[in-house]
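Below is a structure I'd like to ask you about.
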Amino acid sequence: MKQMTEQNMINAFGGESQAHMRYIRFAEIAEKENYPNVARLFRAIADAETIHAFDHYQELKYLDGGRVANSMAAFGPGSTSKNLGLSIAGETFEIEEMYPAYIEVARFQNENSAKRSFEWSYGTEKEHKKLFEKAKLAIDKGMDAKLDAIQVCEVCGYTIEGSAPDTCPLCKAKKDKFKAYK
């Protein structure tokens, strides 16, 4: 893999790994604040971020030795409302800046496998942002979010509320590859 794409992949792995850990912590805080649906949302999305991190990591299987991951991460957890705001900001960064740039570099460098990994994450982060925005609206009104089952594709991490689609819109996995968080 060419150096720029490789470093972007390392950075994406770092960012997705940190998102997973943040969302697990945010789920614990939501539980303590008596927002079980938001806690469930954070856990589902944490698992989706793990799928992204593992996908990025797999693309780097040829590496040995240490590397430095430079990734944007939100710090300073607080209330569930604040944590949702941090989550929306992180997803927005990935949608508007990080993944579009990483995809273009991978495309330019003809790194198709890396491009696919970035595209799967990019497509999913859009859904995460929508779900976090829905949850924040409810929390800011003092209510738990009303959420149907959250479905996560175990192949690419695609996340959707409601019923699992017959085929994942990103990776084309069949319906049985979706895990429901109820």
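The values are calculated or read from the model by the stated rules, or taken from the named source; none is laboratory data. Values in this document were obtained by computation on a predicted structure and should not be read as measured data. Positions of Cβ are backbone-derived with ideal geometry, glycine not excepted, and every protein chain shown enters the neighbour counts.
Between ILE103, ILE88, ILE95, which is more than 30 Å from ILE29 (Cβ to Cβ), of a type in the set (A, V, I, L, M) and at pLDDT 95 or above? Can you show your working first?
Working: ILE88 fails: more than 30 Å from ILE29 (Cβ to Cβ); ILE95 fails: more than 30 Å from ILE29 (Cβ to Cβ).
The unique qualifying residue is ILE103.
Would you confirm whether any residue within the stretch 83-92 is assigned to a loop (DSSP other than H, G, I, E, B) and either closer than 18 Å to GLY14 by Cα or more than 15 Å from the chain's Cα centre (by Cα) (or both)?
Taking the stretch 83-92 first, the residues assigned to a loop (DSSP other than H, G, I, E, B) are none.
There is no residue in the stretch 83-92 that is assigned to a loop (DSSP other than H, G, I, E, B) and either closer than 18 Å to GLY14 by Cα or more than 15 Å from the chain's Cα centre (by Cα) (or both).
Would you point out the residue of the stretch 14-24, among those that are in contact (Cβ under 8 Å) with a residue 40 or more places away in the chain and of a type outside the set (S, T, N, Q), that is nearest to LEU131 (Cα to Cα)?
Taking the candidates together, the pick is TYR23.
Another question, if that's okay. Go through (1) farther than 18 Å from ILE160 by Cβ; (2) surrounded by fewer than 21 Cβ atoms within 10 Å (Cβ to Cβ) for GLU59 and report which single condition fails.
Against the list (1) farther than 18 Å from ILE160 by Cβ; (2) surrounded by fewer than 21 Cβ atoms within 10 Å (Cβ to Cβ), GLU59 comes up short only on (2).
If you don't mind, there's one more thing I want to ask. Could you please give the count of residues in the stretch 29-72 that are aromatic (Phe, Trp, Tyr), part of a loop (DSSP other than H, G, I, E, B) and within 21 Å of ASP148 (Cβ to Cβ)?
First, the residues of the stretch 29-72 that are aromatic (Phe, Trp, Tyr): 35, 42, 54, 57, 62.
Next, from what is left, pick out any that are part of a loop (DSSP other than H, G, I, E, B): 35, 62.
From what's left, within 21 Å of ASP148 (Cβ to Cβ): 35.
Residues meeting the conditions: 1.
Can I ask one more? In the stretch 152-180, what count of residues is obtained for those that are in contact with a helix residue (DSSP H, G or I) (Cβ under 7 Å, 6 or more places away or on another chain), crowded, with 20+ Cβ neighbours inside 10 Å and outside any loop (DSSP other than H, G, I, E, B)?
Here the count works out to 4.
Next question. Would a scan of the stretch 25-42 turn up a residue that is without any contact (Cβ under 8 Å) to a residue 24 or more places away in the chain, under 24 Å from VAL155 (Cα atoms) and either surrounded by fewer than 20 Cβ atoms within 10 Å (Cβ to Cβ) or in contact with a His (Cβ under 9 Å, 6 or more places away or on another chain) (or both)?
Looking through the stretch 25-42, none of the residues is without any contact (Cβ under 8 Å) to a residue 24 or more places away in the chain, under 24 Å from VAL155 (Cα atoms) and either surrounded by fewer than 20 Cβ atoms within 10 Å (Cβ to Cβ) or in contact with a His (Cβ under 9 Å, 6 or more places away or on another chain) (or both).
Among all residue pairs at least 6 apart or on different chains, which show Cβ distances below 6 Å where the first residue, located in the stretch 125-144, is in a loop (DSSP other than H, G, I, E, B) and the second is among the small types (Gly, Ala, Ser)?
Sorted first by the residue in the stretch 125-144, then by its partner, the pairs are ASP140/SER81.
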